[in-house]
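Read the structure below first, then the notes.
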Amino acid sequence: MRDPNASECKGWLSAADLVGDFPDAPVAMVGAPLNERSLTPGRCDLAPAMLRRALPRMSTYDVETGVDLSGMRVHDAGDVPLKIVSPANAFEPVRDAVAAQVARRRLTILVGGNNAVTRPGVHGLGPLDRVGVLTLDAHFDLRDTDCGLNNGNPIRALLEDGLEGRRISQVGLAPFANTRRAHETARVEGVSVRTARECREQGTAKVVAQELERLSQVAERIYVDFDIDVIDRGQFPAAPGARPGGISVQDFFDATRLVAAHPRVAAVDLTEYDPSLEVGDLGSLTAARWFVELLAGFSGRG
């Protein structure tokens, strides 16, 4: 019987053909188009739709490694309704949407939206004393919460929720994009801090592998936040917080595949992609490539 989602074009099976209503799929995608209370104005809420729109341009075969994704399926759980919803009010619906998929899948992909979706996404994995968090991000996201939740304080909020700092790894932190106070807070809390320079000198994939191994010693499940502003702004301008000197886009893809291959990674997110800042199709194609790199990594799990 023909797959109703299969491409009409013989010889071209796209990543879009892998995504649909597949209740028994081991991987699920959830859209979280949250945009309220962003520190930089923009339209990160457009990202889930733009990623889906770009998937037909991604094939299912990797000529470099021979990975073939044609047999994989991803259940699209749709978008959480978050239009004009604050991060505080988005907490329960995003948490519950992630939890519902985590209970049935080996990997859940949460597509934001701004970085405020990370906190409820982490809670979707269950009790915080069993969870580890790895962020690929130019920023600490440790701003104070006394003026409310926003995309600049999900890690601070998680610490206040009771997540121990030793269960957090932050990779790709950029110079002159953070405060001394945030850095000192991370040190005091026991957060593992890995800078953009370390990623360049050692290799991002190597740094990420080290942090995944470290987190595996203290956590049963791992959540990974891919804040796309970790990429060098010259290679990814569609992120308002991106800076010159970030990690390369190829390093970002290599780290993505590595993350998805790890058996303890239960959920990941993509945040801070703003399609309103597109230059050509660079943003959407980068996001779509991130998605297929996740699937390629996951396909290597035992």
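General observations
- Candidate membrane-span-like segments in the chain, meaning DSSP H helices with Cα atoms spread over at least 20 Å of their own axis and a Kyte-Doolittle mean of -0.5 or above, are 87-102, 282-299, with no membrane implied.
- A dipole drawn for the chain from +1 and -1 charges on Cβ atoms has a positive end, and of A49, V207, L13 the residue lying farthest that way is V207.
- Enclosed volume per residue, in Å³, of the convex hull spanned by Cα atoms of the stretch 181-236: 109 Å³
- Whole-number percent relative contact order across the chain, with pairs defined as alpha carbons under 8 Å at least 6 apart: 21 percent
- Straightening the chain between R104 and D129 buys 6.9 nm, computed as 0.36 nm per residue apart minus the Cα-Cα spacing.
- I84, I228 arranged by Cβ crowding within 10 Å, fewest neighbours leading: I84, I228
- Each of P33, V131, F226 was scored by the projection of its Cα onto the charge dipole of the chain, and the greatest displacement toward the positive side belongs to V131; charges sit on the C-beta of Lys, Arg, Asp and Glu.
- Label point at V188 placed 7 Å out along Cα→Cβ; residues across the stretch 144-160 whose backbone nitrogen lies under 15 Å: 144-146, 156-157, 159-160
- Within-11-Å neighbourhood charge of P244 [Cβ basis; K, R +1; D, E -1]: +1
- If R0 equals 51 Å, the separation of the Cβ atoms of R57 and E92 corresponds to a calculated FRET efficiency of about 0.90.
- Looking at the stretch 1-110 alone, DSSP beta bridges between its own residues are antiparallel in about 15 percent of cases.
- Base-10 log of normalised Debye intensity for the chain (one unit scatterer per alpha-carbon) at q = 0.07, 0.09, 0.14 Å⁻¹: -0.23, -0.38, -0.98
- Environment charge of R166, counting only residues whose C-beta is closer than 10 Å and scoring Lys/Arg +1, Asp/Glu -1: 0
- Distant-in-sequence amide H partners of M29 (H built 1.01 Å from N, under 5 Å): H75, D76, A77, I109
- Sequence-distant contacts, meaning Cα pairs under 8 Å at least 6 residues apart, place the relative contact order of the stretch 178-278 at 30 percent.
Only the coordinates and a few stated rules stand behind these numbers; no lab work does. Note that this is a predicted model, so its numbers are computed, not measured. Heads up, the Cβs are rebuilt from the backbone with ideal geometry, glycines too, and the neighbour counts pull from every protein chain shown.
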